[in-house]
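For reference, the structure discussed in these notes is given below.
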Amino acid sequence: MRIRPGLALLASAALGLPTIAIAEANGRSPAGDPSPEQLSPDQNARNPSWPPNFSRSVQGTGVPGLDGGHVFLWNRPPGFDPVSTLRVDRHVPEGSGEATHTYKALWALGSTGPHNAGYEWTITGELHNRALASTGAQNVAVNGTIFKEPNGLGPVGPSWAGNFNCVDMTDESDPLASCIGAEIDVSAQSPTTDRNRQRVGLQISTGGVPGAHTGYGILMGNLTGSITDRAISFQGEGTYGIGIDAAAARFTGVPLLLAAGQAIGLDGNREGGFSRRLGFDGRDLVYGTAAGPVMRVSDSGQIEAASLRESLPRPPASSRAPCTPGDHAWDEAYEYRCVAPDRWKRATLSDW
(Lines give C-alpha, C1' and ligand atoms only; values in the text may rest on other atoms or scores of the structure.)
Protein backbone atom coordinates (compact mmCIF):
# COMPACT_ATOMS: atom_id res chain seq x y z
CA MET A 1 0.00 0.00 0.00
CA ARG A 2 1.44 3.38 -0.97
CA ILE A 3 0.36 6.61 0.65
CA ARG A 4 1.17 10.18 -0.35
CA PRO A 5 3.15 12.26 2.17
CA GLY A 6 0.08 14.28 3.04
CA LEU A 7 -1.09 11.19 4.90
CA ALA A 8 2.24 10.35 6.48
CA LEU A 9 1.47 12.16 9.72
CA LEU A 10 -1.61 10.00 10.21
CA ALA A 11 0.13 6.84 9.13
CA SER A 12 3.21 7.43 11.24
CA ALA A 13 1.17 7.41 14.43
CA ALA A 14 -0.30 4.04 13.53
CA LEU A 15 3.05 2.58 12.57
CA GLY A 16 5.00 4.02 15.45
CA LEU A 17 7.19 6.01 13.01
CA PRO A 18 8.73 9.38 13.90
CA THR A 19 6.74 12.43 12.86
CA ILE A 20 8.31 14.32 9.98
CA ALA A 21 7.82 17.66 8.30
CA ILE A 22 5.73 17.40 5.16
CA ALA A 23 6.95 19.26 2.10
CA GLU A 24 3.46 19.70 0.74
CA ALA A 25 2.41 21.45 3.95
CA ASN A 26 5.06 24.09 3.22
CA GLY A 27 3.87 24.55 -0.34
CA ARG A 28 6.88 22.79 -1.90
CA SER A 29 6.67 19.94 -4.36
CA PRO A 30 7.81 16.63 -2.79
CA ALA A 31 9.24 15.55 -6.11
CA GLY A 32 11.36 18.70 -6.20
CA ASP A 33 12.92 18.26 -2.76
CA PRO A 34 16.68 17.77 -2.68
CA SER A 35 17.96 14.46 -1.43
CA PRO A 36 19.64 14.28 2.01
CA GLU A 37 23.01 13.93 0.23
CA GLN A 38 22.47 17.29 -1.48
CA LEU A 39 21.76 19.12 1.77
CA SER A 40 24.30 20.81 4.02
CA PRO A 41 24.73 19.58 7.61
CA ASP A 42 22.68 22.50 8.85
CA GLN A 43 19.95 21.74 6.32
CA ASN A 44 19.95 18.07 7.27
CA ALA A 45 19.51 19.04 10.89
CA ARG A 46 16.45 21.04 9.98
CA ASN A 47 15.12 18.21 7.75
CA PRO A 48 15.07 14.92 9.68
CA SER A 49 15.84 11.78 7.71
CA TRP A 50 13.00 9.79 6.18
CA PRO A 51 11.63 7.12 8.57
CA PRO A 52 12.07 3.42 7.71
CA ASN A 53 10.13 2.21 4.64
CA PHE A 54 9.40 5.79 3.61
CA SER A 55 10.87 6.60 0.21
CA ARG A 56 10.99 9.69 -2.00
CA SER A 57 9.81 7.76 -5.04
CA VAL A 58 6.87 5.38 -5.37
CA GLN A 59 6.77 3.27 -8.52
CA GLY A 60 8.51 5.95 -10.56
CA THR A 61 5.88 8.61 -9.84
CA GLY A 62 8.33 10.96 -8.13
CA VAL A 63 5.87 11.30 -5.24
CA PRO A 64 7.11 10.29 -1.78
CA GLY A 65 5.16 7.47 -0.20
CA LEU A 66 5.18 4.53 2.13
CA ASP A 67 6.45 1.37 0.46
CA GLY A 68 4.83 -1.84 1.64
CA GLY A 69 3.27 -2.76 4.93
CA HIS A 70 -0.13 -2.05 6.41
CA VAL A 71 -1.49 1.27 7.60
CA PHE A 72 -4.25 1.38 10.20
CA LEU A 73 -6.05 4.55 11.23
CA TRP A 74 -7.93 4.31 14.52
CA ASN A 75 -10.39 6.98 15.51
CA ARG A 76 -12.63 6.84 18.57
CA PRO A 77 -13.67 10.35 19.60
CA PRO A 78 -15.04 10.77 23.13
CA GLY A 79 -18.18 12.36 21.74
CA PHE A 80 -19.70 13.33 18.43
CA ASP A 81 -16.90 14.47 16.15
CA PRO A 82 -17.85 16.06 12.81
CA VAL A 83 -14.24 16.03 11.63
CA SER A 84 -13.34 13.37 9.06
CA THR A 85 -11.01 10.59 10.10
CA LEU A 86 -9.27 10.84 6.75
CA ARG A 87 -9.88 13.62 4.25
CA VAL A 88 -8.57 14.03 0.72
CA ASP A 89 -9.30 17.34 -1.01
CA ARG A 90 -9.05 17.90 -4.75
CA HIS A 91 -10.22 21.22 -6.14
CA VAL A 92 -9.68 22.27 -9.76
CA PRO A 93 -11.22 25.73 -10.24
CA GLU A 94 -9.43 26.45 -13.51
CA GLY A 95 -9.51 24.66 -16.86
CA SER A 96 -7.27 21.62 -16.96
CA GLY A 97 -7.16 18.01 -18.04
CA GLU A 98 -7.23 16.22 -21.34
CA ALA A 99 -10.08 14.51 -23.15
CA THR A 100 -10.60 10.82 -22.32
CA HIS A 101 -8.31 11.12 -19.27
CA THR A 102 -9.65 10.35 -15.79
CA TYR A 103 -8.50 12.17 -12.70
CA LYS A 104 -9.01 10.77 -9.24
CA ALA A 105 -9.12 12.29 -5.79
CA LEU A 106 -8.57 8.84 -4.31
CA TRP A 107 -7.48 5.83 -6.33
CA ALA A 108 -7.38 2.30 -4.92
CA LEU A 109 -5.88 -0.23 -7.32
CA GLY A 110 -5.86 -3.96 -6.69
CA SER A 111 -5.55 -7.20 -8.62
CA THR A 112 -6.12 -10.91 -8.13
CA GLY A 113 -4.33 -14.02 -9.34
CA PRO A 114 -5.75 -17.06 -11.14
CA HIS A 115 -5.72 -19.11 -7.92
CA ASN A 116 -7.00 -16.49 -5.51
CA ALA A 117 -9.89 -18.16 -3.71
CA GLY A 118 -10.61 -15.19 -1.47
CA TYR A 119 -12.84 -12.17 -1.85
CA GLU A 120 -10.72 -9.29 -3.10
CA TRP A 121 -12.49 -6.03 -2.29
CA THR A 122 -10.66 -2.91 -3.41
CA ILE A 123 -12.68 -0.49 -1.28
CA THR A 124 -14.86 -1.60 1.62
CA GLY A 125 -17.25 0.53 3.64
CA GLU A 126 -18.77 -1.03 6.74
CA LEU A 127 -20.88 0.72 9.32
CA HIS A 128 -22.19 -0.90 12.50
CA ASN A 129 -25.38 1.05 13.08
CA ARG A 130 -26.82 1.11 16.58
CA ALA A 131 -28.62 4.45 16.40
CA LEU A 132 -32.24 4.51 17.52
CA ALA A 133 -34.75 4.86 14.72
CA SER A 134 -36.46 7.62 16.69
CA THR A 135 -33.38 9.84 16.37
CA GLY A 136 -33.91 10.22 12.64
CA ALA A 137 -30.26 9.49 11.94
CA GLN A 138 -29.30 8.70 8.36
CA ASN A 139 -26.53 6.11 8.54
CA VAL A 140 -24.89 5.05 5.29
CA ALA A 141 -21.96 2.70 4.75
CA VAL A 142 -20.93 4.28 1.44
CA ASN A 143 -22.22 7.60 0.14
CA GLY A 144 -21.62 9.23 -3.22
CA THR A 145 -22.94 12.74 -3.79
CA ILE A 146 -22.30 15.07 -6.69
CA PHE A 147 -23.58 18.62 -6.89
CA LYS A 148 -24.27 19.69 -10.45
CA GLU A 149 -23.69 23.42 -10.19
CA PRO A 150 -23.75 26.29 -12.70
CA ASN A 151 -20.36 27.39 -13.97
CA GLY A 152 -21.32 30.76 -15.45
CA LEU A 153 -20.01 29.79 -18.88
CA GLY A 154 -22.27 27.17 -20.42
CA PRO A 155 -24.15 23.89 -19.96
CA VAL A 156 -22.77 21.65 -17.21
CA GLY A 157 -21.54 18.25 -18.32
CA PRO A 158 -22.77 14.78 -17.29
CA SER A 159 -22.78 14.06 -13.57
CA TRP A 160 -22.84 10.71 -11.79
CA ALA A 161 -23.20 10.33 -8.03
CA GLY A 162 -21.97 6.77 -8.48
CA ASN A 163 -20.60 4.93 -11.48
CA PHE A 164 -19.95 1.18 -11.57
CA ASN A 165 -18.60 -0.73 -14.53
CA CYS A 166 -17.83 -4.36 -15.18
CA VAL A 167 -16.01 -4.72 -18.49
CA ASP A 168 -15.77 -8.31 -19.75
CA MET A 169 -12.46 -8.60 -21.60
CA THR A 170 -12.15 -12.40 -21.39
CA ASP A 171 -13.47 -13.10 -24.89
CA GLU A 172 -15.16 -16.20 -23.45
CA SER A 173 -18.01 -17.28 -25.71
CA ASP A 174 -19.97 -18.82 -22.83
CA PRO A 175 -18.62 -17.43 -19.53
CA LEU A 176 -18.96 -19.56 -16.42
CA ALA A 177 -19.21 -16.53 -14.12
CA SER A 178 -21.12 -13.28 -14.39
CA CYS A 179 -19.81 -9.79 -15.00
CA ILE A 180 -21.97 -7.66 -12.70
CA GLY A 181 -21.97 -3.88 -12.82
CA ALA A 182 -23.49 -3.49 -9.37
CA GLU A 183 -25.02 -5.90 -6.88
CA ILE A 184 -27.25 -4.89 -3.98
CA ASP A 185 -27.93 -7.47 -1.28
CA VAL A 186 -30.34 -7.03 1.60
CA SER A 187 -30.71 -9.88 4.06
CA ALA A 188 -32.48 -10.50 7.35
CA GLN A 189 -30.54 -12.54 9.87
CA SER A 190 -33.61 -13.42 11.91
CA PRO A 191 -36.89 -15.02 10.78
CA THR A 192 -39.99 -12.85 10.76
CA THR A 193 -43.66 -13.28 9.97
CA ASP A 194 -44.59 -9.61 9.81
CA ARG A 195 -45.34 -7.61 6.70
CA ASN A 196 -42.63 -5.06 7.36
CA ARG A 197 -41.50 -3.59 4.05
CA GLN A 198 -38.59 -1.57 5.45
CA ARG A 199 -36.04 -4.03 4.08
CA VAL A 200 -35.59 -2.64 0.59
CA GLY A 201 -33.22 -4.00 -2.02
CA LEU A 202 -33.16 -0.78 -4.04
CA GLN A 203 -34.85 2.52 -3.30
CA ILE A 204 -34.91 5.29 -5.86
CA SER A 205 -36.10 8.68 -4.66
CA THR A 206 -36.45 11.40 -7.28
CA GLY A 207 -37.86 14.89 -7.35
CA GLY A 208 -36.49 17.71 -5.20
CA VAL A 209 -38.42 20.94 -4.80
CA PRO A 210 -42.12 20.98 -5.75
CA GLY A 211 -42.44 21.04 -9.52
CA ALA A 212 -38.98 19.62 -10.15
CA HIS A 213 -38.87 17.29 -13.13
CA THR A 214 -36.97 14.00 -13.16
CA GLY A 215 -36.71 12.26 -16.50
CA TYR A 216 -36.38 8.62 -15.46
CA GLY A 217 -36.42 6.53 -12.32
CA ILE A 218 -34.62 3.70 -14.09
CA LEU A 219 -33.24 4.10 -17.62
CA MET A 220 -32.00 1.12 -19.61
CA GLY A 221 -29.85 1.77 -22.65
CA ASN A 222 -27.80 -0.29 -25.08
CA LEU A 223 -25.11 0.71 -27.50
CA THR A 224 -25.90 0.10 -31.15
CA GLY A 225 -25.61 -3.60 -31.94
CA SER A 226 -25.45 -4.76 -28.32
CA ILE A 227 -28.10 -7.01 -26.80
CA THR A 228 -29.51 -7.28 -23.28
CA ASP A 229 -31.28 -10.59 -22.74
CA ARG A 230 -33.38 -9.40 -19.77
CA ALA A 231 -33.80 -5.77 -18.74
CA ILE A 232 -35.34 -6.81 -15.41
CA SER A 233 -35.43 -10.46 -14.38
CA PHE A 234 -36.47 -12.37 -11.25
CA GLN A 235 -34.51 -15.41 -10.18
CA GLY A 236 -36.37 -18.68 -9.82
CA GLU A 237 -35.31 -19.07 -6.20
CA GLY A 238 -37.26 -17.95 -3.16
CA THR A 239 -40.79 -16.60 -3.05
CA TYR A 240 -42.10 -13.23 -4.21
CA GLY A 241 -45.32 -11.61 -3.10
CA ILE A 242 -45.87 -9.14 -5.96
CA GLY A 243 -43.57 -8.81 -8.93
CA ILE A 244 -44.25 -5.17 -9.82
CA ASP A 245 -46.44 -3.04 -7.55
CA ALA A 246 -47.71 0.30 -8.83
CA ALA A 247 -50.82 0.48 -6.67
CA ALA A 248 -49.59 3.26 -4.39
CA ALA A 249 -48.26 5.45 -7.20
CA ARG A 250 -49.96 8.32 -8.98
CA PHE A 251 -49.24 8.59 -12.69
CA THR A 252 -49.73 11.52 -15.03
CA GLY A 253 -49.19 9.04 -17.86
CA VAL A 254 -49.49 5.26 -17.72
CA PRO A 255 -47.82 2.67 -15.44
CA LEU A 256 -46.71 0.60 -18.44
CA LEU A 257 -45.91 1.97 -21.89
CA LEU A 258 -45.47 -0.19 -24.98
CA ALA A 259 -44.87 0.87 -28.56
CA ALA A 260 -46.74 -0.48 -31.57
CA GLY A 261 -45.68 -4.03 -32.33
CA GLN A 262 -44.62 -4.73 -28.73
CA ALA A 263 -46.47 -7.18 -26.54
CA ILE A 264 -46.64 -8.70 -23.07
CA GLY A 265 -45.62 -12.35 -23.06
CA LEU A 266 -47.84 -14.71 -21.05
CA ASP A 267 -47.41 -18.29 -19.87
CA GLY A 268 -43.63 -17.89 -19.99
CA ASN A 269 -40.71 -19.80 -18.55
CA ARG A 270 -37.30 -18.86 -17.17
CA GLU A 271 -35.67 -19.49 -20.54
CA GLY A 272 -37.68 -16.61 -22.01
CA GLY A 273 -40.18 -18.69 -23.98
CA PHE A 274 -43.92 -18.00 -23.86
CA SER A 275 -47.03 -19.31 -25.58
CA ARG A 276 -49.44 -16.36 -25.39
CA ARG A 277 -49.13 -12.62 -25.92
CA LEU A 278 -51.13 -9.44 -25.46
CA GLY A 279 -50.17 -6.30 -27.33
CA PHE A 280 -50.97 -3.67 -29.95
CA ASP A 281 -50.09 -4.40 -33.56
CA GLY A 282 -50.48 -0.81 -34.73
CA ARG A 283 -54.18 -1.20 -35.48
CA ASP A 284 -55.87 -3.41 -32.86
CA LEU A 285 -55.37 -4.66 -29.35
CA VAL A 286 -54.54 -8.30 -30.01
CA TYR A 287 -54.52 -11.40 -27.84
CA GLY A 288 -53.14 -14.48 -29.50
CA THR A 289 -51.17 -17.68 -29.32
CA ALA A 290 -48.38 -19.10 -31.42
CA ALA A 291 -51.03 -20.10 -33.97
CA GLY A 292 -52.13 -16.48 -34.46
CA PRO A 293 -54.58 -13.87 -33.08
CA VAL A 294 -57.53 -15.15 -31.04
CA MET A 295 -59.18 -11.81 -30.26
CA ARG A 296 -58.97 -8.28 -31.64
CA VAL A 297 -60.38 -5.03 -30.23
CA SER A 298 -60.34 -1.99 -32.52
CA ASP A 299 -60.27 1.66 -31.44
CA SER A 300 -63.92 1.94 -32.52
CA GLY A 301 -64.85 -0.80 -30.06
CA GLN A 302 -65.38 -3.54 -32.61
CA ILE A 303 -64.51 -6.97 -31.19
CA GLU A 304 -63.39 -9.84 -33.35
CA ALA A 305 -63.10 -13.18 -31.55
CA ALA A 306 -62.95 -16.82 -32.48
CA SER A 307 -66.10 -17.45 -30.43
CA LEU A 308 -68.22 -15.73 -27.78
CA ARG A 309 -69.89 -17.39 -24.83
CA GLU A 310 -72.29 -15.72 -22.38
CA SER A 311 -71.96 -17.80 -19.25
CA LEU A 312 -74.97 -16.24 -17.43
CA PRO A 313 -78.39 -15.98 -19.14
CA ARG A 314 -79.81 -13.02 -17.14
CA PRO A 315 -83.22 -12.94 -18.91
CA PRO A 316 -85.34 -9.84 -18.17
CA ALA A 317 -88.45 -10.25 -16.03
CA SER A 318 -90.55 -8.30 -18.57
CA SER A 319 -90.22 -6.18 -21.69
CA ARG A 320 -90.08 -3.08 -19.42
CA ALA A 321 -87.25 -4.32 -17.20
CA PRO A 322 -84.35 -1.87 -16.72
CA CYS A 323 -81.79 -2.04 -19.51
CA THR A 324 -79.40 -0.03 -21.66
CA PRO A 325 -79.58 -0.24 -25.47
CA GLY A 326 -77.31 -3.04 -26.62
CA ASP A 327 -77.78 -5.27 -23.59
CA HIS A 328 -78.22 -8.92 -24.46
CA ALA A 329 -79.66 -11.91 -22.58
CA TRP A 330 -81.02 -15.40 -23.23
CA ASP A 331 -82.79 -18.41 -21.78
CA GLU A 332 -83.87 -21.80 -23.15
CA ALA A 333 -86.74 -20.31 -25.17
CA TYR A 334 -85.73 -16.78 -26.23
CA GLU A 335 -82.94 -14.39 -27.16
CA TYR A 336 -83.43 -10.92 -25.65
CA ARG A 337 -82.12 -7.58 -26.93
CA CYS A 338 -82.50 -4.15 -25.35
CA VAL A 339 -83.50 -1.80 -28.19
CA ALA A 340 -84.21 1.35 -26.13
CA PRO A 341 -83.90 2.43 -22.50
CA ASP A 342 -85.87 -0.10 -20.42
CA ARG A 343 -87.33 -1.63 -23.57
CA TRP A 344 -86.67 -5.30 -24.38
CA LYS A 345 -87.60 -7.37 -27.41
CA ARG A 346 -87.17 -11.13 -27.82
CA ALA A 347 -86.95 -13.77 -30.54
CA THR A 348 -88.06 -17.39 -30.23
CA LEU A 349 -85.48 -20.16 -30.31
CA SER A 350 -86.36 -23.43 -32.06
CA ASP A 351 -84.76 -26.75 -32.96
CA TRP A 352 -83.86 -27.65 -36.58
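The values are calculated or read from the model by the stated rules, or taken from the named source; none is laboratory data. Because the structure is a prediction, the values reported are computed rather than measured. So basically every Cβ, Gly included, is an ideal-geometry build from the backbone, and we count neighbours across all protein chains shown. Each accessible area value is taken on the protein alone, full model and side chains, heavy atoms only, with ligands, DNA and RNA left out. Shrake-Rupley method; radii C 1.70, N 1.55, O 1.52, S 1.80 Å.
So here's what we get for this one:
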quantity	calculated
Mean projection area, nm², convex hull over Cα of region 121-235	13.4
Calculated FRET efficiency for the pair D267/L308, C-beta based, R₀ 22 Å, to 0.05	0.50
5 angstrom amide H check on V294, placed H, neighbours 5+ away	Y287, G288, T289
Separation of the E237 and S159 label points, Cα + 7 Å toward Cβ, nm	3.9
Accessible area of region 197-352 belonging to carbon and sulfur atoms, whole % at 1.4 Å probe	53
Cα-derived Rg to Rh of region 263-352, Kirkwood definition	1.16
FRET efficiency, 1/(1 + (r/R0)^6) with R0 45 Å, evaluated for L132 and T102 via beta carbons	0.65
Cα gyration tensor of region 227-304 - equivalent ellipsoid semi-axes, whole Å, descending	25, 19, 12
